[in-house]
Amino acid sequence: MTTPLYKQAKAPIEDRVSDLLSRMTIEEKVGQMVQLAAKFEHDREKLEEWNIGSYLHCTEDMPNELQLRAEKTRLGIPLIFGIDAIHGHCFENDATVFPSQLAISCSWNPDLIKLMGEVTAREVRACGIHWTFSPVLCVARDLRWGRVNETFGEDPWLIGELARSLIQGYQGENFADDNSILACAKHFAGYGESVGGRDAYEAEVSKRKMLALFLPPFEKVVSEAKVASLMAGYQAIDGVPCSANRWLLHEVPREQWKMEGFIVTDWDNVGTLVSKQRITKNIKEATFLAIQAGNDMIMSTPKFYEAAVSLVKEGRIDETTIDSSVKRILRYKFKLGLFDKNRYVTAQQKEKIIGCIAHWQAALEASRQSITLLKNNNVLPLSNKNTRDILLVGPNADDIFAQLGDWSFGSNQAGATNDDLHQKATKTIFNALLGYGQQHNINVNYIKGADCEDETFNEIELAVKAAKSSDVVIACVGDTLNQLGEFHDRADLSLSATQLKLLKAIKDSGKPLIVVFVASKPLSISWIKENADALLCCFNPGAKGGIAITEALFGQLNPSGKLTISFPHSAGQLPVYYNHYQGWHAANSPLLNGEERYIDLPKEPLFCFGEGLSYTQFEYSQLTIHNPILHSGETLRFSITLKNSGALDGVEIVQAYVNDLVSSVTTPVLNLRAFKRVFLQAGEQKIIDLEITFNDLALVNTNLEYVVEAGEFELFVGASSKRCDLLKTKFEVV
Ligand code: BGC
C-alpha cells in the first residue's frame, strides 16, 4: 500500500493540503473549524466524534494525550493547540514571565520585543502547543477599559511597529525551525474603542476612522509579518458584530491585503450573536452568519458543529466555502511539521527549555527597559554610601501577582491563586531590595501600610513611626488583579484612599518619598506628581521586576523607558491620547488663556505620550531636513544632533511627529512617524538620522482612500509628544 500523498513529508504543502481535503467528509471538514476548551471534560470527549481541529488552553500532559487520540482517528489529522501566552508562556509554572505588553512597550525596543516572542515561542512549543493568541493590537483609547494592560499603548503606528517585531519573534522565518509558533493579531478591529471603556460593548467608529486608526497596525502585520491568524473582536461596530462583518473579516484582509492566514472568533462569539447581540434568533442562523462573514475557526461554541454540518447538507452553505477555511487551517498544520515529526513533546525537552537561564536573562532585560522615570528631584539614584535605612511601604512591594499582572497565574483567566506558582523565579521588589541591602550594609524595613482595594487595611501609624528612623521611604503603590483585565473595567481611576493617605502621611514625616508605580495602566496620580520626590513607572514589570527596580533605584541601571500612553489628571479628563484633534471651543475663553481645555483641569495630560526622564540629560539641536520638497513616493530624510550633556551614560528615545497643516479632512495635531533608541556616553554627541516613508504621510479622505495630499507639513523631533520637548521645522509635498 502506498503512503497517501498528504502523509509524504517531502511533497509540496499545497499538494498535501488538496490531497487531504479530497479524502475528508463534510463532518471531518467542519470538525477542523471547531476549537474547544481543553479544560472541559465534555469538550475533550468530542475529539473523536467530531474530529476536532483545535483545543485551547491545554496544560501539563494534555497536549500529548489529545494528540495521541487524534492520531488514531480515521485520517489522523493532528490537533493544533492555542493558548494565551501574552507576555511569556505564563500559564505554565516556572516558565519565563515578561513584563506586561504595556510595560514592555515603554522600551520602544522592537528587537527586545522580538526576543520576547522568540523566548515565548520556544517555551510554548516545548509544551506541545503551537499557537499564541498574541499580540494585542488594540489601540488603548479609554483608560477605564480593563484590558489597557494588554495593549502596546495609544498610538496605532507604534503598535504596528512593535507588533510586527513580536510576531516575527513568534513565527520565526516562516516556521522554518521547530521553535516557532503561530501568532494571532487581535482583536480585529476597533475593540479598544468600545464606549466608555466598557469591554466588548458597542464601539462607536466610522468606516473612515477604522481605516485611519484601527486597521493600519493589522495591515502592517499581515503584509510585513505574514501573521498566521487574526481574532475577531467581541464588539459590534455601527450595529454589526465583528464576527458577522464580511467587510471586516473577508474583504479587507483577504481581498485587499491578500492575507494567507486564518481567522478565529473570540470565545463564543458565535453564541454571543444570539445571546447578547441578538442579531439572530438561534445558533443555526448565527453559524450561517459567521461562516458567510469569513470566520475559519470557531472558538468555544460547541453548537456550531452540528449547525454547520446541517447548513452544508441543506445547501445553504456551499461546501467550497468550508473547504477554503479548512485549507487555511491545514496549511499551518503542515507548515508546523505536525504531520511529520513535531506532534509530541518529551518531558526532558520541556525541562531543558522552560525558564532556562538565557530566557530569564531576556526577561530581566525586558523588565529593565520597561522602567520609566517620570519625576526626579535629584533623590535618585540612591547612593550606597549615604543610605543606611530604607523604609519600604505599599501593597505592591511584595506582591507576586502585581508584578506578574494579567494573563498569568492568579489573574481571572487562570483562576489559580496558589502562591507557589512562578514563585521560584520571581523576585518581588522587597526581596530584591533586601538582598541588595544585605550586600551593601543597608537596612530594609517593609511595612505594607495600605491596600489597593481593602480600605479598612491601615498600618499608616506604624509606617510613619518607622519612616522617622529611615533615610528614605520607597512606596510601591498601584492596583491589583481584581482591578484589571477582562470583566474589570473601572469608572474611577484613583488610587485607593488608604494608599493615598499612606503617601500623604509619609510626606508629612519629612522624609524623601520615592514612589514606584506598579499598576496595570495609568491611574490619576496627580498628588504623586506634585508631591513625591521621585516617581518610577513600572506597570506590571514581570517576574524579574524587583531586580530591575532595585538596580534603577541605586543607579546600576539608568532608566530609559518612555510612556506609550498618557496619564489623565482624572477619569473625567478622558480621552487624553496625544493624537487628538483641534477645534475645542474653550480656546476663545479669556479665562483659559486661549487654551483648549476644561475649565477645571489643566490642558495637558498628567504625563504625556513619549515622556520619560533619565539620570543624565539629553540636548536636541539642529533639526535638518535633507529633502524638504518631497515628490510622490519619496522618503523624507532628516537628522538631529543629540548630546548627552549629563554625567552618566544613557539611552534616549528620539521621537519624530508630523502634522499635516492643511488637509481635506481633519487630522490629529501630531502623529508619531519615526523613533530611534540611541545610547550615548556621558558627554557624547551624535547626529541621528531618521526617515519617514511617503505612505506614512497619508490620511483617509472622505472617499475612504489613503492619500498623501500636497501641501505643507510640520515636522517635530524631540524627547516626547509635549510641544515644549519638540523642535519644529516644515517640509512640503508637491
Ligand atoms: C479574550 C481573548 C482570549 C480568549 C481565549 C477571550 O475572552 O477576549 O483575548 O484570547 O478569551 O482565552
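The values are calculated or read from the model by the stated rules, or taken from the named source; none is laboratory data. Bear in mind the structure is a predicted one, so any value in this text is a computation, not a measurement. Ideal geometry is used to build each Cβ from the backbone, glycine not excepted, and the neighbour counts take in all protein chains shown.
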Item to check | In the range 257-269, the residues that are closer than 28 Å to Ser180 by Cβ and touching a strand residue (DSSP E or B) at 6+ places or on another chain (Cβ under 8 Å) | outcome: Met259, Gly261, Phe262, Ile263, Val264, Thr265, Asp266, Trp267, Asn269
Next on the checklist: Given the condition of a type in the set (A, V, I, L, M) and under 21 Å from Asn540 (Cα atoms), answer yes or no: does some residue in the range 480-487 qualify?
Outcome noted: yes
Checklist entry - Going through the range 208-256 one residue at a time, which ones are assigned to a loop (DSSP other than H, G, I, E, B), more than 16 Å from the ligand (Cβ to nearest atom) and in contact with a strand residue (DSSP E or B) (Cβ under 8 Å, 6 or more places away or on another chain)? => result Asn245
Item to check | In the range 469-503, residue farthest from the ligand (Cβ to nearest atom) [restricted to those that are more than 24 Å from Ala552 (Cα to Cα) and surrounded by fewer than 16 Cβ atoms within 10 Å (Cβ to Cβ)] | outcome: Ala497
Checklist entry - Of everything in the range 257-273 that's touching a residue at least 60 places away in the same chain (Cβ under 8 Å) and over 25 Å from Glu314 (Cα atoms), which residue is farthest from the ligand (Cβ to nearest atom)? => result Glu260
Checklist entry - Residues in the range 461-515 that are more than 27 Å from Asn441 (Cα to Cα), small (Gly, Ala, Ser) and within 33 Å of the chain's Cα centre (by Cα): how many? => result 6
Checklist entry - Restricting attention to the range 681-734, and to residues there that are charged (D, E, K, R) and under 21 Å from Trp108 (Cα atoms), which single residue is surrounded by the fewest Cβ atoms within 10 Å (Cβ to Cβ)? => result Asp689
Checklist entry - What number of residues in the range 194-207 are out of contact with any Lys or Arg (no Cβ under 9 Å at 6 or more places or on another chain), outside any loop (DSSP other than H, G, I, E, B), under 15 Å from Ala140 (Cα atoms) and away from the ligand (no atom under 16 Å from the Cβ)? => result 1
Checklist outcome for this item: Selection from the range 587-633 of residues touching a helix residue (DSSP H, G or I) at 6+ places or on another chain (Cβ under 6 Å) and among the acidic types (Asp, Glu) yields Glu596
Next on the checklist: Consider the range 299-351. How many of its residues are closer than 17 Å to His130 by Cα and either free of Cβ contacts under 8 Å to residues at least 12 places away in the same chain or in contact with a Pro (Cβ under 9 Å, 6 or more places away or on another chain) (or both)?
Outcome noted: 10
Checklist entry - Which one of the conditions (1) within 16 Å of the ligand (Cβ to nearest atom); (2) closer than 27 Å to Leu336 by Cβ; (3) out of contact with any strand residue (DSSP E or B) (no Cβ under 7 Å at 6 or more places or on another chain) does Lys276 fail to meet, given that it meets all the rest? => result (2)
Item to check | helices (runs of 4 or more DSSP H) wholly inside the range 437-546 that include at least 1 residues being in contact with an Asp or Glu (Cβ under 9 Å, 6 or more places away or on another chain) and on the phi < 0 side of the Ramachandran plot | outcome: 460-468, 497-508
Item to check | Residue among Thr287, Thr301 that alone is within 16 Å of the ligand (Cβ to nearest atom) and farther than 19 Å from Leu137 by Cα | outcome: Thr301
Next on the checklist: Testing Thr346 on (1) more than 30 Å from Phe609 (Cα to Cα); (2) modelled with pLDDT of 95 or more, one condition comes back false. Which one is that?
Outcome noted: (2)
Checklist entry - Out of the residues in the range 284-342 that are under 19 Å from Pro241 (Cα atoms) and aromatic (Phe, Trp, Tyr), which is farthest from the chain's Cα centre (by Cα)? => result Phe288
